[in-house]
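*Asks:* A single structure is presented below for examination.
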Amino acid sequence: MKFFLDTANVEEIKKALEMGLVDGVTTNPTLLAKEKRDPNLTIKEILSLVRGPVNLEVLAIDAKGMIAEAKQLATLGEQVVVKIPMTEEGMKAVRALHEEGIRTNVTLIFQAVQALIAAKAGADYVSPFVGRLDDISTVGMEVVSDIATIYSNYGFETEIIVASVRNPLHVLEAATMGADIATIPYAVIKQLMKHPLTDIGLERFLKDYESLKK
Ligand code: E4P
């Protein structure tokens, strides 16, 4: 399973890169705004660090505007994937960009049939938002499972990015389901490495070895 880092924070990306945990990056307007600096500088820096897909979202909401923005974003680096919202206008843009060879990730997916539409329009990736569904008492991972079934039924090559990941359980379920990618906040990456028995075990090993010196 590929790990994308769900962040626009360059320091987090550098730390995860050191552990070989960055197969790609996803950003969105909220994450870029959180950095409180010129987003163009942030994007430039991310592109200089990450070789895998770097997902950058359009701000336009009409197809013509999205296509123009996507074309501009695609000039920034060959690893750029353009995030397009799951709307009618968005699907027109996805189809046009697909024909021009610009890769797209359809974002804000909350039900499996939206992912079917996105794949038919020509999306390279879809991003079901599992955490936001969980927030409204709907099991987000069930949507991922349905998308995986639909894609396998018809042989779609669109990759599933499990997005809006909030905890290690989302990552575990994504992995056991065989999702292609999980885009994970750095805080959750840290949680994935933690277990109290690991800490206790390490402390005991060091203490036992220290006892030799007494
Ligand atoms: C990534 O592509 C999404 O924009 C992101 O995972 C959304 O996460 P959130 O629901 O925590 O804002």
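The values are calculated or read from the model by the stated rules, or taken from the named source; none is laboratory data. Values in this document were obtained by computation on a predicted structure and should not be read as measured data. Positions of Cβ are backbone-derived with ideal geometry, glycine not excepted, and every protein chain shown enters the neighbour counts. Remember, those area values only see protein heavy atoms, side chains included, never the ligands or the DNA or RNA. Shrake-Rupley method; radii C 1.70, N 1.55, O 1.52, S 1.80 Å.
*Asks:* Based on the Cβ-Cβ distance from Thr87 to Lys2, what FRET efficiency comes out when R0 is 30 Å, to the nearest 0.05? Intermediate values should be presented prior to the final figure.
*Replies:* Details: r = 26 Å, r/R0 = 0.88.
In this case the efficiency is close to 0.70.
*Asks:* Further question: Rounded to two decimal places and with Rh computed the Kirkwood way over Cα pairs, what is Rg over Rh for the stretch 42-161?
*Replies:* Looking at the stretch 42-161, the ratio lands at 0.98.
*Asks:* What list of ³J(HN,Hα) values in whole Hz, one per residue of the stretch 2-11 in order, does the Karplus curve 6.51 cos²θ - 1.76 cosθ + 1.60 (θ = phi - 60°) give from phi, with Gly and Pro shown as x?
*Replies:* Listing the rounded values in order: 7, 9, 9, 8, 9, 6, 10, 8, 5, 5 Hz.
*Asks:* Turning to a different aspect of this structure: Which net charge results when you count Lys and Arg as +1 and Asp and Glu as -1 among the other residues whose beta-carbon is under 13 Å from that of Gly77?
*Replies:* Neighbour charge sum, excluding Gly77 itself: +1.
*Asks:* Extending each Cα 7 Å along its Cβ direction at Thr176 and Thr138, get the distance between those two points in nm, one decimal.
*Replies:* Going by the 7 Å Cα→Cβ label model, 2.3 nm.
*Asks:* Net charge within 15 Å of Ile46 by Cβ-Cβ distance, Lys/Arg positive one each and Asp/Glu negative one each, not counting Ile46 itself?
*Replies:* -2
*Asks:* A further question on this structure: Using a 1.4 Å probe on the protein chains only, how many percent of the accessible area of the stretch 95-180 belongs to carbon and sulfur?
*Replies:* On the way: 2070 of 4040 Å².
Carbon and sulfur together cover 51 percent of it.
*Asks:* Hey, what do the phi angles of the stretch 144-152 turn into as Karplus ³J(HN,Hα) couplings, whole Hz, using 6.51/-1.76/1.60 and θ = phi - 60°, x for Gly and Pro?
*Replies:* Rounded to whole hertz, the list is 4, 4, 5, 4, 4, 5, 4, 5, 6.
*Asks:* Now for a separate question. Let me have the relative contact order for the stretch 151-214, percent, based on Cα pairs under 8 Å that are six or more residues apart.
*Replies:* 28 percent
*Asks:* Right, here's the next one. Hey, what's the stretch 74-214 come to in accessible area per residue, 1.4 Å probe, Å²?
*Replies:* Heavy-atom SASA per residue in the stretch 74-214 reads 55 Å².
*Asks:* Using amide H atoms built 1.01 Å from N in the peptide plane, name the residues 5+ places from Thr26, or on other chains, whose amide H lies under 5 Å from its own.
*Replies:* Leu5, Asp6, Thr7, Asn55
*Asks:* What residue among Asp180, Asp124, Asp135 shows peak mean-square fluctuation when the chain is described by a Gaussian network model with Cα springs under 10 Å?
*Replies:* Highest fluctuation of the listed residues: Asp135.
*Asks:* Enumerate the aspartates and glutamates that Lys190 could reach by cross-link, defined here as Cα to Cα under 15 Å, with residues fewer than 8 away along the same chain left out.
*Replies:* Asp6, Glu11, Glu12, Glu18, Asp199
*Asks:* Okay, moving on. With +1 on each Lys and Arg Cβ and -1 on each Asp and Glu Cβ, how big is the dipole of the chain about its Cα centre, in debye rounded to the nearest 20?
*Replies:* Using Cβ point charges on Lys, Arg, Asp and Glu, the chain gives about 560 debye.
*Asks:* Please report the Cα spread of the stretch 82-138 along all three principal axes, rounded to whole Å, starting with the longest.
*Replies:* Projected onto the principal axes, the Cα atoms of the stretch 82-138 cover 39, 17, 15 Å.
*Asks:* Any idea what diffusion coefficient the chain gets from Stokes-Einstein, in µm²/s, Kirkwood Rh on alpha carbon pairs, 25 °C, 0.890 mPa s?
*Replies:* Translational diffusion coefficient: 135 µm²/s.
*Asks:* How about Lys44: which lysines have a C-alpha closer than 22 Å to its C-alpha, ignoring those fewer than 8 places off in the same chain?
*Replies:* Filter leaves Lys14, Lys15, Lys34, Lys36, Lys71, Lys83.
*Asks:* Residue by residue through the stretch 166-172, what is 3J(HN,Hα) from phi via Karplus (6.51 cos²θ - 1.76 cosθ + 1.60, θ = phi - 60°)? Round to whole Hz and write x for glycine and proline.
*Replies:* With the stated coefficients, the stretch 166-172 comes to 10, 7, x, 4, 4, 5, 4 Hz.
*Asks:* Would you pull out the residues with amide H under 5 Å of Thr104's amide H, same chain only if 5 or more places away, H placed 1.01 Å from N?
*Replies:* Val82, Asp124, Tyr125
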